[in-house]
Amino acid sequence: MGDRFVPLSVPNLKGNELNYITKAVETEWVSTGGPYVDEFEKMVAGYVHSAGAVSCQNGTSGLHTSLMLLGVTPEDIVLVPTLTFIAAVNPVRYIGAEPVFMDCDDSLCMDPEKLRSYCEEECELVDDKLIDKQSGKQVKAVVVVHVFGNMADMEAIMDIADKYNLKVLEDATEAIGTYYTEGRYEGRYAGTIGHMGVYSFNGNKIITTGGGGMIVSMDESLLKRAKHLTTQAKSDEVFYTHDEIGYNYRMTNLQAAMGIAQMEQLEGFIETKTDNYNRYVDKLRDVAGVSLYKVRQGIRSNYWFYGLDVEKVCMNLREMITYLHSQGVQSRPIWGLIHQQKPYEGSRAYKIVKAVEYQSKTINIPCSTKLTYEDIDYVIEAIKRYIDEHR
Ligand SMILES: Cc1ncc(COP(=O)(O)O)c(C=O)c1O
């Protein structure tokens, strides 16, 4: 291995981050109050055209808050994907509700056809409530993840949700900036189509606040409740009265300062990621047996992560990932399927087929916005060497 190391996905903090954080420190507004928090929320809401936005500590806390606000209780079922990061599912369990795992389609996002057949075959509508016949529980909500910055088939999913009275929580943690360019939802951003949506600003995301999240919705009353619940449900500022159990889920002014600087660069980051994706696609044409997954037709993706199909060249993902690492290229497999993880053993999973297939043949390759063309060519050379040496 030479001196070069191409990381998978690292932050890009070359804008006004230090400038704004310094201002926050100088003014000593470093905690959960302060002007940057409001400004960041307004900036995100303006960008995705939502009714508002409520910042929180991370995507996970945003998902937890949203599920509570959508009325999920310990007696309910929530439909979730299995091909995702575990943080999309854990909040269901924080509430004490039961997750039922769904398969993906070729976009890697939830398969609407299987969602529909689960509702039709496994459930019945009783007094406008969707009841799972096996458990007798109400199916209250579905968590839809826009995997790697792609978009789930929201037209089909919203139709199913309308028909069966399901609340839709969009886990758009990986997809800020992705939107429909055609169809019923033309111009609508990932996160703003369902009842609530959540973004993450974790360090590996397209924009970062170190750690952070944002809840969005078209429903102002839900956002008002979100702000209340994430700020310890304080109903009187002066006398410290609380009308329910709240959470300390608020973002700090320091994080928001960074977030504003990152938002200023988001469109530029998307341009870079799109350009780098196209370069990979172009160069990989000469490499037999591997290809990058395409994004859904009719969307502008933020191209957060690049998924590479290695089925034809690789019998063992661990071996390939280790080899690439030895060559100075960081890569990773897709997540372990959640229904197979220890805390979810024994959970119900509905006709999972494609998720297993994609999990067994996909690696993610470097996609940072700081990636140079030389880095991309270097990654491709390492992939070629792997193929040559393991033929
Ligand atoms: C699909 C998905 N859901 C939820 C999360 C949780 O976000 P956070 O790390 O900000 O809590 C992440 C990312 O980390 C994610 O990729």
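Scan the stretch 348-369 residue by residue and report those that are of a type in the set (S, T, N, Q) and either closer than 21 Å to Tyr280 by Cα or surrounded by 19 or more Cβ atoms within 10 Å (Cβ to Cβ) (or both).
First pass over the stretch 348-369, keeping only residues of a type in the set (S, T, N, Q): 359-360, 362, 364, 368-369.
Result: Gln359, Thr362, Asn364, Ser368, Thr369.
Against the conditions (1) touching a Cys at 6+ places or on another chain (Cβ under 9 Å); (2) closer than 20 Å to His339 by Cα; (3) crowded, with 24+ Cβ neighbours inside 10 Å, where does Met151 fall short? Just the number, please.
So the condition that Met151 fails would be (2).
Considering only the stretch 371-391, how many residues are in a loop (DSSP other than H, G, I, E, B) and either modelled with pLDDT of 95 or more or surrounded by 20 or more Cβ atoms within 10 Å (Cβ to Cβ) (or both)?
Taking the stretch 371-391 and keeping what is in a loop (DSSP other than H, G, I, E, B), we get 371-372, 390-391.
Going one step further and asking which of them are either modelled with pLDDT of 95 or more or surrounded by 20 or more Cβ atoms within 10 Å (Cβ to Cβ) (or both), we end up with 371-372.
Matching residues across the stretch 371-391 total 2.
Can you tell which of Ser221, Ser235 is part of a strand (DSSP E or B) and open to solvent by 10 Å² or more (accessible area, probe 1.4 Å)? Even if it seems obvious, please write down each step before you answer.
Working: Ser221 fails: part of a strand (DSSP E or B).
The conditions single out Ser235.
What about Thr209, is it in the same structural domain as Gly33 (by TED's automatic domain parsing), buried (at least 16 other Cβ atoms within 10 Å of the Cβ) and within 16 Å of the ligand (Cβ to nearest atom)? Give the derivation first.
Details: in the same structural domain as Gly33 (by TED's automatic domain parsing): yes; buried (at least 16 other Cβ atoms within 10 Å of the Cβ): yes; within 16 Å of the ligand (Cβ to nearest atom): yes.
So Thr209 fits the description; yes.
Do any helices (runs of 4 or more DSSP H) lying entirely in the stretch 1-73 carry at least 1 residues that are within 18 Å of the chain's Cα centre (by Cα), and which ones are they?
Numbers: elements: 17-27, 35-48, 59-69.
Hits in the stretch 1-73: 35-48, 59-69.
Can Ala226 be described as outside any loop (DSSP other than H, G, I, E, B), within 16 Å of the ligand (Cβ to nearest atom), touching a helix residue (DSSP H, G or I) at 6+ places or on another chain (Cβ under 9 Å) and modelled with pLDDT of 95 or more? Walk me through how you get there before you give the answer.
On the way: outside any loop (DSSP other than H, G, I, E, B): yes; within 16 Å of the ligand (Cβ to nearest atom): yes; touching a helix residue (DSSP H, G or I) at 6+ places or on another chain (Cβ under 9 Å): yes; modelled with pLDDT of 95 or more: yes.
Judged against the criteria, Ala226 is a match.
Looking only at the stretch 296-338, count every residue that is open to solvent by 40 Å² or more (accessible area, probe 1.4 Å) and either outside any strand (DSSP E or B) or hydrophobic (A, V, I, L, M, F, W, C) (or both) and tell me the total.
Going through the stretch 296-338, the residues open to solvent by 40 Å² or more (accessible area, probe 1.4 Å) turn out to be 296-297, 300, 311-312, 315-316, 318-319, 322, 325-326, 330, 332-333.
If we keep only those that are either outside any strand (DSSP E or B) or hydrophobic (A, V, I, L, M, F, W, C) (or both) too, we end up with 296-297, 311-312, 315-316, 318-319, 322, 325-326, 330.
The qualifying residues number 12.
Look at Leu130 and say whether it is open to solvent by 10 Å² or more (accessible area, probe 1.4 Å), in contact with a helix residue (DSSP H, G or I) (Cβ under 7 Å, 6 or more places away or on another chain), more than 16 Å from the ligand (Cβ to nearest atom) and touching a residue at least 12 places away in the same chain (Cβ under 8 Å). Show your work before the answer.
Details: open to solvent by 10 Å² or more (accessible area, probe 1.4 Å): no; in contact with a helix residue (DSSP H, G or I) (Cβ under 7 Å, 6 or more places away or on another chain): yes; more than 16 Å from the ligand (Cβ to nearest atom): yes; touching a residue at least 12 places away in the same chain (Cβ under 8 Å): yes.
For Leu130, the condition - open to solvent by 10 Å² or more (accessible area, probe 1.4 Å), in contact with a helix residue (DSSP H, G or I) (Cβ under 7 Å, 6 or more places away or on another chain), more than 16 Å from the ligand (Cβ to nearest atom) and touching a residue at least 12 places away in the same chain (Cβ under 8 Å) - is not met.
Hey, among Thr181, Thr192, which residue is open to solvent by 50 Å² or more (accessible area, probe 1.4 Å) and closer than 30 Å to Ser368 by Cα? Lay out the reasoning, then the answer.
On the way: Thr192 fails: open to solvent by 50 Å² or more (accessible area, probe 1.4 Å).
Sole residue among the options that is open to solvent by 50 Å² or more (accessible area, probe 1.4 Å) and closer than 30 Å to Ser368 by Cα: Thr181.
Yes or no: the stretch 74-84 includes at least one residue that is touching a Gly at 6+ places or on another chain (Cβ under 6 Å) and not small (Gly, Ala, Ser). Step through it out loud before you land on a result.
Of all residues in the stretch 74-84, those touching a Gly at 6+ places or on another chain (Cβ under 6 Å) come to 74.
Filter again for not small (Gly, Ala, Ser), leaving 74.
Checked against the condition, which is being touching a Gly at 6+ places or on another chain (Cβ under 6 Å) and not small (Gly, Ala, Ser), the stretch 74-84 yields at least one hit.
Hey, can you tell me all the residues within the stretch 195-206 that are closer than 17 Å to Ile270 by Cβ and either open to solvent by 10 Å² or more (accessible area, probe 1.4 Å) or among the hydroxyl-bearing types (Ser, Thr, Tyr) (or both)?
The initial filter retains those residues of the stretch 195-206 that are closer than 17 Å to Ile270 by Cβ, namely 199-201, 204-206.
Hits for the stretch 195-206 are Tyr199, Ser200, Asn204, Lys205, Ile206.
Hey, among Met151, Met158, which residue is aliphatic (A, V, I, L, M), under 24 Å from Asn90 (Cα atoms) and in a loop (DSSP other than H, G, I, E, B)? Let's see the steps before the verdict.
Numbers: Met158 fails: in a loop (DSSP other than H, G, I, E, B).
Going through Met151, Met158 in turn, just one is aliphatic (A, V, I, L, M), under 24 Å from Asn90 (Cα atoms) and in a loop (DSSP other than H, G, I, E, B): Met151.
Across the stretch 161-178, what is the number of residues that are surrounded by fewer than 19 Cβ atoms within 10 Å (Cβ to Cβ) and out of contact with any Asp or Glu (no Cβ under 6 Å at 6 or more places or on another chain)?
Start the filter on the stretch 161-178 by keeping residues that are surrounded by fewer than 19 Cβ atoms within 10 Å (Cβ to Cβ), which leaves 162-163, 165.
Still in the list and also out of contact with any Asp or Glu (no Cβ under 6 Å at 6 or more places or on another chain): 162-163.
Residues that pass the stated criteria total 2.
Residues checked against (1) within 16 Å of the ligand (Cβ to nearest atom); (2) in contact (Cβ under 8 Å) with a residue 12 or more places away in the chain; (3) under 17 Å from Val143 (Cβ atoms); (4) not assigned by TED's automatic domain parsing to the domain that holds Gly194:
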site: Tyr36; (1), (2), (3), (4): no, yes, no, no
site: Glu39; (1), (2), (3), (4): no, yes, no, no
site: Lys42; (1), (2), (3), (4): no, no, no, no
site: Ser50; (1), (2), (3), (4): no, yes, no, no
site: Leu63; (1), (2), (3), (4): yes, yes, yes, no
site: Ser66; (1), (2), (3), (4): yes, yes, yes, no
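The values are calculated or read from the model by the stated rules, or taken from the named source; none is laboratory data. Since this is a predicted model, take the numbers as computed values, not measurements. Ideal geometry is used to build each Cβ from the backbone, glycine not excepted, and the neighbour counts take in all protein chains shown. Quick note on the areas: whole protein, heavy atoms, side chains included, nothing else; ligands and nucleic acids left out. Shrake-Rupley method; radii C 1.70, N 1.55, O 1.52, S 1.80 Å.
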